[in-house]
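S.K.: Please find one structure pasted underneath; my questions will follow.
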Amino acid sequence: MFQMHVDKRICADPSVEVSFAGKTRCTRVMPRTANPEWNQVLFFPAQLPSVCDKIKLTVLNGDRAGKRDVLGTTYISLSQVSSTGAEIEGDFSGFLPCFGPSFLTLYGSPREFTSLHDPYEKLNSGSEEGVAYRGRILVELNTSMDRTPQQEIEEIPAEAVARVERFLSRRKYGLCAIFYSATMLPAIQELIQFEVSIGNYGNKFDVTCKPCASTTQYSQAVFDGNHYHYLPWYDTKPMVAITSFWEDASYYMDTLNILHSTRDRLTLNLDALRSVRTAEDPALGDVWKKLLKELLEDCNRPLPSLEGRVTATVLDQQLRDLRGRLLHQVARSAERLSAGTNPKTLILKGEEWLQRIHSVTPEPQASMPDVVIWMLCKEKRVAYARVKAHTIVFSKAGPGACGKLCGKTHTLFLKSPQRDGKDTIHGQLRLRMWLSLVSDSQEFMRHCEGKIGVYAETYENQVKLFGKWGPKGLMQHPSFSDITGKIGVPRDKFQLPKGWHWDGDWAVEPQRRLLLDTETNHSEVLEEVYENESRQAGEEWAPAPSPNTDAGGAAVSPKEGLVCPKGWHVEEGWRVEVNRAVDEAGWEYGIGIPPTGTPRSWNAAEKTYHTHRRRRWLRRRCRDLNAQSQEQEIASFLQLDTWEYASFFGWKFHLQPRPHDTYRRRCWRRKLVPVQPTRVAPIFLLEGSLREKKILAEGEREKRSPAQNILQLNTPLITCVFQPKPEHHTTALSFPSQDGTPGRLPAPSWKNGLYVIPSDIRPTLRPMAIEILAWGLRDLQSYNLLSVMAPSLVVECGGEAIQTAPIRDLHENPNFPINVFLLRVHLPMEEDLTPPIELKVVDNREFGYKPVVGQASVRSLRQYMCEPSAEGHHPSLPPPVHFPLVSKAPAALPSGLPQEEEECVDWWSKFYAATGELAKSGDYLQTGLDSLKVYNCELEAVPEFQGLQDFCQTFRLYRGRVREEASEDPLVVGEFKGLFQIYPLPEDPSSPPPPRQFQELPESQPQKCLVRVYIVRAFNLPPKDRNGLCDPYVRLTLGKKKLGDRDQYLPNTLEPVFGRVFELPCTLPLEKDLQISLFDYDLVLPDQKIGATSIDLENRLLSRFRANCGLPQSYCVSGPSQWRDQLLPTQLLENFARMRSLALPEFSADGGKATFMGRAFLLPQFESKVPAHGHLGPLRERLALHMLRTFGLVPEHLETRTLYHSTQPGIDQGKLQMWVDVFPESFGPPGPAFNITPRTPKRYELRCVVWNTRDVDLRDTSITGQRMSDIYVKGWLDGLEEERQRTDVHYRSLGGEGNFNWRFVFPFEFLPMEQVCVLPEKQHLWSLDETVLKVPPKLILQVWDNDKFSADDFLGVLEIKLLSLPCPARRPRDCTLKMLQEESDSPAPARCPRRTSLFKQRLARGWWPCTVQEEGRQRLSGKIELMLELLADKEAEERPAGKGREEPNMNPTLQPPVRPEASFLWFTAPLKSLRYVLWQPHKCKIILGVLLLLLLLLLAAFIYAAPRYLAMKLINPFRSLHSFGSLNPLAGSSGSP
């Protein structure tokens, strides 16, 4: 966050608050400044891609401790400043979010400090569109993946701030707007002015920018004769010119306009392509060629270059690369698509291109603000319009880089800044705008159509005193002022702009608006005058003091003195109005109330206390439509020295003086011209005010606020005069003119109270026939709390109507008793003028009450237009006919057919072969069995099946009026099943009518059917649980029947494979809507609904494409493609012929040849090679099936339906793959259902015996320095790491050899067809259900070095794929890394294949290499001898074996290994360990060590005893005792008795 430029009139304490993903950071508060500089970095943690797309930046005013106001809000969209790489196909990886340094523009309320409270304050929060410029923020956004910030907010270094300075250079821009018309204005009595601004430039209330000619002259709105008002500008159009300073935005503007041009042209071409209905339309090729040509031109056009642009940012480079790649890919895709494709496919492809181009169109760093146009009234902002700057900018790069509105006349609609919840239009502007660098503005003069004039304007004001006009007595109004009369503008005080001089002297400019009064554009005017009388109590009535007044009581001239104005004539003379609350003479009575003395209410009956009475006189006059006299009047008016008059200053001025007028004024103008021609447009050199500073002293006698002083800046007036062009009149309807001149053409003629449309614009009508197939009504809802019992249908078109017979019992049979009707109408030959067909459902209730309970409108009739044919329109449903059924018992398989085929081929093999997952289909394609058609959409969405509404379409019925602009969805109350055929009738009544189109209809009685619903799988489901998964299960609803058990859910998956078949009986059409719903199982009810899809079974049964049961590719009597229909192919072919009134097919005796529709069909044409699977049926049926498939019927298929949820309409909730079969009971029982139960895995047991290891890496070092390892082996199956097993430890292996004789036993479940292991596991300890994983079978063995006081050391690994098992080596020396190479790497010896499947070989023994990864390469780290044995579940029970050497130790029996003496356990024989580890190799060293230890002990003892011994020698205490012993008296006696 660097700095900010705000509205300079705001002296605030700004700070910026940034919010993202629930976290908020705020910068410091900068006190009392309009241009704060924060220079701070705000850090936010984020996880990409982020759920939150927008970063919100809010500029606040005020201290954090107190209340803070919002000055403006803006956003940064992460999707616009980053890319995931998904937009581009290929190696494009996208880029992280980045932005700027660039300015972000703030919009908000138009606060002009006219009051303390801002009524539009909520616009500053960004919740709604801002209506005014509030400022800009200089922001830079970077994303780092490796840096962890120490603080949430840091200061930006000075060198980084200096780097940003190069982005702040400015260039001068010029903005110009020419106003052609202002219409559709509301009834505003005050003067109206328009202001154009960009940023702060052009804002007339802003004092910080130089004043410029940014406002039009004041004008008075005039009634347009219809409903709105307009401004009478005539041929002199107001014009504004603004200069501003911004960063060089040419790169961003050019890029935006090029992308917008590409997108808009593609949109127009797509609209033209949508108008093409069929692929046979000859216009398709031209439209498609035009689309491709323009698209290739636009996509191959180079984008603006960044070379030499010092202000280019990282985002500029990334976006240019992204856009270039995307346009290149769109161009290459367009070149590959041909025009022969179906129009719907072309439209879908074009919409995909349009969406991709639209995704890269936004330019987040286009920092130039929008242009805002304001309508001002009484210096208040009333309505506005915002125009994007790039749409009107001019570029030298070419027309494609210019804005689409630059220099072009366009329409803008004004909106109110006060949001009232309605899109009310407050005015319509026709204008031409231009924005460019001032240095390029000379181009504008070439685009300007009229003659530009620059004037200085002032108004001379006078007041009437004592019958004389003069400047004295004006009081606060200057003698020379602007049009408001508040700002003094003397003629001799004007200051010329630099480079301009006067052209002529001051002259009076007559205002042509004075010719337009309140009666303008009114063809009739009703004049009124009230006659007033008064009396005192008990006296007679006499004329009142003001005998003639208007309705408000103001005095007016007597009715005899009112002269008919020029250009008008009186139709009726004066008469008294008696058609209201008055007496017979037209009088109404009242009582005078002080202080005015006039009554406030009136009564029709006279009372004695009434003191006033009045009656209303009326006269009607009409306008004379004489254009020539009006032109002469205007020409003579322009030659006058015209004054305009008013009763009071500020009131509306008029042309003709009146007795009560006290003020008058006239307009003076003086023209300005440039001193000399310049290289830029002169209008952009009009900066500054025309008034000198000292002029303000004229108003020193009154004190003005700063806001009022702003209005004292007088700017030049710019106009653009258009020369009148020759007029060419055509016969057409005349509407009142909105440019100031009355309409020239007379009003249309009247006939019987109606306008008569001229014949040359009246559409040409022709007789047409609308043939109506009214099949029935469905799902009608109650009306006024009562069920609909006897509805009938009313069809209206072109003023004609027809009504069907009512349905007597809607609940038993909702079809009409009579289904075909004919309506003769006259329709226009132009299809665009064809009226719609209105459908109304009327309920025939008791007492003749017939309410409309539902209605619909069919607007486009083009799809129902047809040419009448003798064949007519035939449905596909035959009448119920019972045929002898052929037994469906499967034929015996030929003896040569392998019995294993049934085990390895199932329905899922056919499914996976159709979806392209060949690894799961086995050898299905080699068997020659049928394939399955998989549609990636609903069957109704397949183009060639016409939505399955070829027999009858479904029209939704709505309650009340349906409006397209309604904000809420209309209420659907039912459906109408029917169809229309529209064709022309012969002009000659005697000519025979064309044949009827709806013939041989099926019976409309309800039919009982059996419905089979095959639910295969779902994918792309939304997560519903906290673990990001869901537990889906299926629920079917058909009428009142529901199927589906919530206990049969599939846990922890977003791609469930259901493989379920549901059978439901139903009655069509009473139970026609089949709803398939997916729910998420929850332990505690209720379960969450994931999504649902609905199928109209009636449409499938009635469709001529026979969608009730798909046709397989071949007729099989057994196997996974066994015939399942009720009728045999020959019977279906005969039905097909009967429905189309064709001759029945004829077959040869052997059934290999048939003749139908004049063609000969041979079975070898369809079966060039007979499959060897042996499931085919008779030749006759096979040929009949092949013939049926040539007529475009629905094949055996699998449709992909999109799931939706009612709470999130229109949002994809996942896909469901399924199909439905519908079997009417009248045709007999159906064939057997397909078995689509998911494949069940088989249980296997893998036994791995670890015999020995060799040459294993030695990781430990003994005390003596020898290399050694304590080897053990552990292993597991991939995906079953928790069930790993390990051998015992071979201690002290000095040569890398290990002896184990240890058995691993791994039971697992395996799908042979899919070649994967099925591994159920729980994700967490608290998980209730297991998650099923499917992984290829792989055995992983690892060799480790056992350590007691540290982690074990990894020595090597061996990964064995059981489906691709390397051939083992018989001897250790033959075991090398080449054994692990794939088969494609090097050829294997012929005697031993390099790879084999353990599921086929079942047993393998030998040596395999162990490897370690070092420096990106594999290295041989050991060899291991194994025996691998794979057993089925039953074989494992018959031949049991225990793990390790446990019981039952058999198959084979494992003996304890014979290991060297150095191999033992330390803790079981410690003395033996010391003997072998220490004594034998180091006994000499041990003996020497012991002797040295004893010597050291003796030396220590000597050192310890030596001091005491020396002390005893020196002192000799025993000697002193000896000398004292001779003095002892007892000593002598001691020697003798």
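S.K.: Looking at (1) surrounded by 19 or more Cβ atoms within 10 Å (Cβ to Cβ); (2) more than 30 Å from Ser219 (Cα to Cα); (3) not aromatic (Phe, Trp, Tyr), can you tell me which one Asp264 breaks?
M.R.: (1)
S.K.: Is there any pair linking a residue in region 796-817 that is within 18 Å of Gln781 (Cβ to Cβ) to one that is in a loop (DSSP other than H, G, I, E, B) and open to solvent by 30 Å² or more (accessible area, probe 1.4 Å), with Cβ under 6 Å and at least six apart or on different chains, and which?
M.R.: Pro806/Asn844
S.K.: Only strands (runs of 3 or more DSSP E) wholly contained in region 1262-1351 count here; list those with 3 or more residues that are under 30 Å from Trp908 (Cα atoms). Quick ask: steps written out before the conclusion?
M.R.: Details: elements: 1267-1277, 1290-1293, 1298-1311, 1316-1321, 1331-1335, 1338-1345.
Hits in region 1262-1351: 1298-1311, 1316-1321, 1331-1335.
S.K.: A further question follows. Please name all residue pairs, on different chains or six or more residues apart, with Cβ atoms under 7 Å, provided the first residue is in region 777-794 and is assigned to a loop (DSSP other than H, G, I, E, B) and hydroxyl-bearing (Ser, Thr, Tyr) and the second residue is at pLDDT 90 or above and open to solvent by less than 10 Å² (accessible area, probe 1.4 Å).
M.R.: Ser782/Val788
S.K.: Keeping to region 388-417, report how many residues are over 17 Å from Val196 (Cβ atoms) and aliphatic (A, V, I, L, M).
M.R.: Residues of region 388-417 over 17 Å from Val196 (Cβ atoms): 395-402, 404, 416.
Of the ones still in play, those that are also aliphatic (A, V, I, L, M) are 397, 401.
Qualifying residue count for the region: 2.
S.K.: Against the condition charged (D, E, K, R) and surrounded by fewer than 20 Cβ atoms within 10 Å (Cβ to Cβ), how does Arg1259 come out, does it pass? Break it down stepwise before answering.
M.R.: On the way: charged (D, E, K, R): yes; surrounded by fewer than 20 Cβ atoms within 10 Å (Cβ to Cβ): yes.
So Arg1259 fits the description; yes.
S.K.: Right, Asn226: in a loop (DSSP other than H, G, I, E, B) and either in contact with a helix residue (DSSP H, G or I) (Cβ under 6 Å, 6 or more places away or on another chain) or in contact (Cβ under 8 Å) with a residue 40 or more places away in the chain (or both) or not?
M.R.: Working: in a loop (DSSP other than H, G, I, E, B): yes; either in contact with a helix residue (DSSP H, G or I) (Cβ under 6 Å, 6 or more places away or on another chain) or in contact (Cβ under 8 Å) with a residue 40 or more places away in the chain (or both): yes.
Here the answer is yes, as Asn226 does meet what is asked.
Table: residues versus (1) over 21 Å from Ser441 (Cβ atoms); (2) open to solvent by 10 Å² or more (accessible area, probe 1.4 Å).
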position: Arg171; (1), (2): no, yes
position: Phe179; (1), (2): no, no
position: Gln189; (1), (2): yes, yes
position: Cys212; (1), (2): no, yes
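S.K.: I'm trying to understand the selection: among the residues of region 1277-1289, which are at pLDDT 90 or above and either open to solvent by 50 Å² or more (accessible area, probe 1.4 Å) or out of contact with any strand residue (DSSP E or B) (no Cβ under 6 Å at 6 or more places or on another chain) (or both)?
M.R.: Arg1284, Arg1286, Asp1288
S.K.: What are the residues in region 1223-1261 that are charged (D, E, K, R) and not in a loop (DSSP other than H, G, I, E, B), if any?
M.R.: Filtering region 1223-1261 down to residues charged (D, E, K, R) leaves 1225, 1239, 1242-1243, 1245, 1247, 1254-1255, 1257, 1259-1260.
Glu1225, Lys1242, Arg1243, Glu1245, Arg1247, Arg1254, Asp1260, listed by residue number.
S.K.: Scan region 22-53 residue by residue and report those that are touching a residue at least 40 places away in the same chain (Cβ under 8 Å), part of a loop (DSSP other than H, G, I, E, B) and more than 30 Å from the chain's Cα centre (by Cα).
M.R.: The answer is Thr27, Asn39.
S.K.: Let me ask something else about it. Is it the case, given these coordinates, that Leu270 is under 23 Å from the mean Cα position of the chain (by Cα), open to solvent by less than 10 Å² (accessible area, probe 1.4 Å) and touching a residue at least 12 places away in the same chain (Cβ under 8 Å)? I'd like the intermediate steps shown before the answer.
M.R.: Numbers: under 23 Å from the mean Cα position of the chain (by Cα): yes; open to solvent by less than 10 Å² (accessible area, probe 1.4 Å): yes; touching a residue at least 12 places away in the same chain (Cβ under 8 Å): yes.
Yes, satisfied.
S.K.: What number of residues within region 912-957 are within 34 Å of the chain's Cα centre (by Cα), among the hydrophobic types (A, V, I, L, M, F, W, C) and assigned to a loop (DSSP other than H, G, I, E, B)? Spell out the reasoning first.
M.R.: Start the filter on region 912-957 by keeping residues that are within 34 Å of the chain's Cα centre (by Cα), which leaves 912, 914-917, 933-950, 952-957.
Now restrict to residues that are among the hydrophobic types (A, V, I, L, M, F, W, C): 914, 934, 937, 939, 941-942, 945, 948, 952, 955, 957.
Next cut, assigned to a loop (DSSP other than H, G, I, E, B) only: 937, 942, 952.
Final tally of qualifying residues: 3.
S.K.: Here is a follow-up. What single numbered condition from (1) surrounded by 15 or more Cβ atoms within 10 Å (Cβ to Cβ); (2) modelled with pLDDT of 90 or more; (3) under 21 Å from Pro1336 (Cβ atoms) fails to hold for Leu1403?
M.R.: For Leu1403, the failing item is (1).
S.K.: List the pairs whose first member sits in region 82-100 and is farther than 24 Å from Leu138 by Cβ and open to solvent by 50 Å² or more (accessible area, probe 1.4 Å), whose second member is modelled with pLDDT of 85 or more and of a type in the set (A, V, I, L, M, F, W, C), and whose Cβ atoms are under 9 Å apart, counting only residues at least 6 apart or on separate chains?
M.R.: Once the first residue is farther than 24 Å from Leu138 by Cβ and open to solvent by 50 Å² or more (accessible area, probe 1.4 Å) and sits in region 82-100, its partners that are modelled with pLDDT of 85 or more and of a type in the set (A, V, I, L, M, F, W, C) give Glu87/Leu322; Glu87/Leu326; Glu87/Val360.
S.K.: Take the conditions more than 27 Å from Ala221 (Cα to Cα), of a type in the set (Asp, Glu) and modelled with pLDDT of 80 or more and apply them to Asp505. Does it pass? Steps first, answer last, please.
M.R.: Numbers: more than 27 Å from Ala221 (Cα to Cα): yes; of a type in the set (Asp, Glu): yes; modelled with pLDDT of 80 or more: yes.
Yes; evaluated as a whole, the condition is true for this residue.
S.K.: Suppose we filter region 1058-1098 for residues that are open to solvent by 40 Å² or more (accessible area, probe 1.4 Å) and either at pLDDT below 90 or touching a helix residue (DSSP H, G or I) at 6+ places or on another chain (Cβ under 9 Å) (or both); how many remain?
M.R.: Of the residues in that region, 6 qualify.
S.K.: How do the pairs read when you match residues in region 1092-1119 that are closer than 17 Å to Thr954 by Cα with residues anywhere that are charged (D, E, K, R) and modelled with pLDDT under 90, using Cβ under 6 Å and keeping only pairs 6 or more apart or on different chains?
M.R.: Ser1103/Asp950; Arg1104/Asp950
Each row is one residue, and each column tells you yes or no for (1) in contact with a strand residue (DSSP E or B) (Cβ under 9 Å, 6 or more places away or on another chain); (2) modelled with pLDDT of 90 or more.
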site: Ile357; (1), (2): no, yes
site: Ile392; (1), (2): yes, yes
site: Trp434; (1), (2): yes, yes
site: Tyr459; (1), (2): yes, no
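S.K.: Show the residue pairs meeting these rules: Cβ distance below 7 Å; 6+ apart or different chains; first residue within region 978-992 and at negative phi; second residue open to solvent by 40 Å² or more (accessible area, probe 1.4 Å) and outside any loop (DSSP other than H, G, I, E, B).
M.R.: Sorted first by the residue in region 978-992, then by its partner, the pairs are Ile982/Met865; Pro984/Arg766; Leu985/Arg824.
S.K.: Shifting gears a bit: Run Gly427 past the list (1) open to solvent by 20 Å² or more (accessible area, probe 1.4 Å); (2) out of contact with any His (no Cβ under 7 Å at 6 or more places or on another chain) and report the number of the one that doesn't hold.
M.R.: All conditions pass for Gly427, except number (1).
S.K.: Another question, then. Anything in region 166-205 that is more than 17 Å from Leu412 (Cα to Cα), assigned to a loop (DSSP other than H, G, I, E, B) and in contact with a strand residue (DSSP E or B) (Cβ under 8 Å, 6 or more places away or on another chain)? List them, or say none.
M.R.: Arg170, Ala187, Ile188, Glu190, Gly199, Asn200, Gly202, Asn203, Lys204
S.K.: For Arg961, indicate whether it is at pLDDT 85 or above and open to solvent by 50 Å² or more (accessible area, probe 1.4 Å).
M.R.: Values: at pLDDT 85 or above: no; open to solvent by 50 Å² or more (accessible area, probe 1.4 Å): yes.
Judged against the criteria, Arg961 is not a match.
One line per residue, one yes/no per condition, for (1) farther than 21 Å from Ile772 by Cβ; (2) surrounded by 14 or more Cβ atoms within 10 Å (Cβ to Cβ); (3) under 36 Å from the mean Cα position of the chain (by Cα):
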{"residue": "Pro984", "(1), (2), (3)": "no, yes, no"}
{"residue": "Pro989", "(1), (2), (3)": "yes, no, no"}
{"residue": "Leu1001", "(1), (2), (3)": "no, yes, no"}
{"residue": "Pro1006", "(1), (2), (3)": "yes, yes, no"}
{"residue": "Pro1032", "(1), (2), (3)": "yes, yes, yes"}
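S.K.: Still on this model: Looking at (1) more than 21 Å from Thr1067 (Cβ to Cβ); (2) surrounded by fewer than 16 Cβ atoms within 10 Å (Cβ to Cβ), which is the only condition Ser792 fails?
M.R.: Failed condition: (2).
S.K.: Can you pull out the residues in region 821-844 that are buried (at least 16 other Cβ atoms within 10 Å of the Cβ) and either assigned to a loop (DSSP other than H, G, I, E, B) or out of contact with any Cys (no Cβ under 9 Å at 6 or more places or on another chain) (or both)? Before you say what the answer is, go through the steps one by one.
M.R.: Here is the first cut: in region 821-844, the ones buried (at least 16 other Cβ atoms within 10 Å of the Cβ) are 821, 823, 825, 827-828, 834, 837, 839-844.
Within region 821-844, Phe821, Pro828, Thr834, Leu839, Lys840, Val841, Val842, Asp843, Asn844 meet the criteria.
S.K.: Within region 1122-1212, which helices (runs of 4 or more DSSP H) (wholly inside it) include 3 or more residues that are surrounded by 13 or more Cβ atoms within 10 Å (Cβ to Cβ)? Reasoning before the result, please.
M.R.: Working: elements: 1129-1139, 1163-1166, 1179-1189.
Ranges flagged: 1129-1139, 1179-1189.
S.K.: Just one of the numbered conditions (1) open to solvent by less than 50 Å² (accessible area, probe 1.4 Å); (2) farther than 23 Å from Met368 by Cα is not true of Phe194; which one?
M.R.: Looking at each condition in turn, Phe194 falls short on (2).
The values are calculated or read from the model by the stated rules, or taken from the named source; none is laboratory data. Small disclaimer: the values here were computed from a predicted structure and weren't measured. A quick note on method: Cβ atoms are made from the backbone with ideal geometry, for glycine too, and the neighbour counts reach across all protein chains shown. Side chains included, ligands, DNA and RNA excluded: accessible areas come from the protein's heavy atoms. Shrake-Rupley method; radii C 1.70, N 1.55, O 1.52, S 1.80 Å.
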